[in-house]
2 protein chains.
Amino acid sequence: MSEATTTDDQLRLFIERIERMEEEKKGVGDDIRDTYNEAKSQGYDTKIMRQIVRLRKMSRNDRMEMEAILETYKAALGID
Amino acid sequence: MSEATTTDDQLRLFIERIERMEEEKKGVGDDIRDTYNEAKSQGYDTKIMRQIVRLRKMSRNDRMEMEAILETYKAALGID
């Protein structure tokens with residue numbers, strides 16, 4: 001095999017590996033969407049569920065800081 | 001088990017299922033990034049590789065249309 005062919009094969013293998021993983025990532029994304037839809041069909045509010053997922057990723061400190069800043073901005077804009 | 005507890009459990013199970021899938025998706029995303037880094041260390045241009053992945057997802061028709069529009073816009077803006 002010539003050196004050019006080896007290099008072309010290597011590039012193709014990288015691209016195909018990435019494509020398989022992109023497919024896998026898309027599949028998991030679809031499963032997540034399906035799960036939210038299932039929860040919705042059980043009566044859950046999925047917008048709030050997404051907020052909960054975001055909040056649970058944060059430390060208690062970060063969450064409290066975020067909530068304090070949110071309150072400040074709400075006050076500044078007269079949202080009560 | 002009271003009905004409220006059952007419902008709380010159901011919500012918690014949905015959230016935990018979603019969190020596991022989000023973790024999985026993040027893991028695959030990390031693997032994709034690692035693969036691009038590996039390709040980069042072998043001398044490949046990863047920006048171009050990302051373009052190739054995008055192009056290979058498209059049909060030949062869609063790609064040709066996109067390329068024609070791109071040429072038109074380049075001409076309009078004097079990019080030669």
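The values are calculated or read from the model by the stated rules, or taken from the named source; none is laboratory data. For clarity, every value in this text was computed on a predicted model and none was experimentally measured. Cβ placement follows ideal geometry from the backbone for every residue including glycine, while neighbour counts extend to all protein chains displayed. Just so you know, the surface numbers come from the protein's heavy atoms only, side chains and all, with ligands and any DNA or RNA stripped out. Shrake-Rupley method; radii C 1.70, N 1.55, O 1.52, S 1.80 Å.
Hey, what angle do you get for helix B:60-76 against the long axis of chain B, alpha-carbon based, 0 to 90 degrees rounded to 10?
Relative to chain B, helix B:60-76 is tipped by roughly 60 degrees.
List, in order, the whole-Hz ³J(HN,Hα) value for each residue of the stretch A:18-27 obtained from phi through the Karplus relation with A = 6.51, B = -1.76, C = 1.60 and θ = phi - 60°; use x for Gly and Pro.
4, 4, 4, 5, 5, 4, 4, 4, 5, x
What part of the accessible area of the stretch A:3-77, given as a whole %, is carbon or sulfur when the probe is 1.4 angstrom?
Answer for the stretch A:3-77 is 51 percent, counting heavy atoms of protein chains only.
Could you work out, residue by residue across B:30-42, how many beta carbons of other chains sit within 10 Å of that residue's beta carbon, and then give the average as an integer?
Average per residue, whole number: 3.
Put a label point 7 Å from Cα along the Cβ direction on B:Lys74, then list its distances to the equivalent points in the other copies in nm, shortest first.
Result, one decimal in nm: 5.2.
For A:Lys47, what is the net charge nearby, where nearby means another residue's Cβ is under 15 Å from its Cβ and Lys, Arg count +1, Asp, Glu -1?
Once positives and negatives cancel, what remains is +3.
Using a label position 7 Å from Cα in the Cα→Cβ direction, what is the ascending list of nm distances from B:Asp62 to the same site in the other copies?
Copy-to-copy label distances at B:Asp62, shortest first: 3.4 nm.
Using R₀ = 30 Å, calculate the FRET efficiency as 1/(1 + (r/R₀)^6) where r is the Cβ-Cβ separation of A:Lys47 and B:Leu77; round to 0.05.
With a Förster radius of 30 Å, E is 0.15.
Please say if the stretch B:3-77 is rounded, prolate or oblate, where rounded means a/c under 1.5 for a ≥ b ≥ c the square roots of the C-alpha gyration tensor eigenvalues, and otherwise the choice is prolate for a/b larger than b/c and oblate otherwise?
On the way: a/c = 4.43, a/b = 2.00, b/c = 2.22.
Here the stretch B:3-77 falls in the oblate category.
Taking each label point as 7 Å beyond Cα in the direction of the beta carbon, state the distances from A:Leu13 to the same residue in the other copies, shortest first, in nm.
Sorted ascending, the copy-to-copy spacings read 4.5 nm.
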